[in-house]
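**Q** Quick one: the structure is below, and I'll ask about it shortly.
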């Protein structure tokens with residue numbers, strides 16, 4: 001049982017969410033790369049030698065901390081969406097870390113990411129694979145529940 005809005009009776013919570021998630025992803029990717037470049041400069045370019053580790057680390061920390069402090073990354077906030085738990089509450093630190101881990105696993109396995117995108121485009125609640133596993137959902141911020 002979930003306390004999330006019913007997509008049949010409250011479609012305004014889900015309208016346009018996949019496109020907004022894409023916009024948020026683009027913004028977040030740019031921000032993460034900017035943070036990585038700044039880190040490389042601040043480490044006198046030593047960070048360039050561990051670029052893949054740097055990107056994964058900064059991405060994980062950025063996504064987890066922003067999701068845990070308002071249920072949305074900065075990109076999601078700009079795009080007007082946020083992630084909610086199955087009970088409608090904002091994500092806590094553990095839920096944010098698990099959501100980020102699921103996202104990173106799906107990004108590492110392209111077929112899993114494709115399945116996730118298909119689910120977002122076709123499901124009633126517009127949930128990706130990580131959302132389905134965790135019971136989370138992306139909702140329009142303007143229509144968000146106040147739990």
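The values are calculated or read from the model by the stated rules, or taken from the named source; none is laboratory data. Note that the structure is predicted; figures quoted are calculated from it, not measured. Virtual Cβ from ideal backbone geometry, glycine too; neighbours counted across all protein chains shown.
**Q** What tally of residues in segment 35-74 results from selecting those that are under 26 Å from residue 131 (Cα atoms) and either in contact with a strand residue (DSSP E or B) (Cβ under 7 Å, 6 or more places away or on another chain) or not in a helix (DSSP H, G or I) (or both)?
**A** Residues that pass the stated criteria total 6.
**Q** Also: In segment 9-21, which residue that is assigned to a loop (DSSP other than H, G, I, E, B) and within 17 Å of residue 86 (Cα to Cα) is nearest to the chain's Cα centre (by Cα)?
**A** Going through the qualifying residues, I end up with 14.
**Q** For residue 134, indicate whether it is modelled with pLDDT of 95 or more and either surrounded by fewer than 14 Cβ atoms within 10 Å (Cβ to Cβ) or in contact with a strand residue (DSSP E or B) (Cβ under 7 Å, 6 or more places away or on another chain) (or both).
**A** Against the criterion (modelled with pLDDT of 95 or more and either surrounded by fewer than 14 Cβ atoms within 10 Å (Cβ to Cβ) or in contact with a strand residue (DSSP E or B) (Cβ under 7 Å, 6 or more places away or on another chain) (or both)), residue 134 does not qualify.
**Q** Keeping to segment 56-89, report how many residues are surrounded by 20 or more Cβ atoms within 10 Å (Cβ to Cβ) and under 12 Å from the mean Cα position of the chain (by Cα).
**A** 15
**Q** Given the criteria touching a helix residue (DSSP H, G or I) at 6+ places or on another chain (Cβ under 6 Å), surrounded by fewer than 16 Cβ atoms within 10 Å (Cβ to Cβ), in a helix (DSSP H, G or I) and at pLDDT 95 or above, does residue 24 qualify?
**A** no
**Q** Would you mind finding the one in 53, 111, 118, 41 that is under 19 Å from residue 14 (Cβ atoms), free of Cβ contacts under 8 Å to residues at least 40 places away in the same chain and surrounded by fewer than 17 Cβ atoms within 10 Å (Cβ to Cβ)?
**A** Within the list 53, 111, 118, 41, the selection yields 118.
**Q** Would a scan of segment 122-131 turn up a residue that is surrounded by 14 or more Cβ atoms within 10 Å (Cβ to Cβ), free of Cβ contacts under 8 Å to residues at least 24 places away in the same chain, more than 21 Å from residue 74 (Cα to Cα) and out of contact with any helix residue (DSSP H, G or I) (no Cβ under 7 Å at 6 or more places or on another chain)?
**A** Yes, some residue in segment 122-131 is surrounded by 14 or more Cβ atoms within 10 Å (Cβ to Cβ), free of Cβ contacts under 8 Å to residues at least 24 places away in the same chain, more than 21 Å from residue 74 (Cα to Cα) and out of contact with any helix residue (DSSP H, G or I) (no Cβ under 7 Å at 6 or more places or on another chain).
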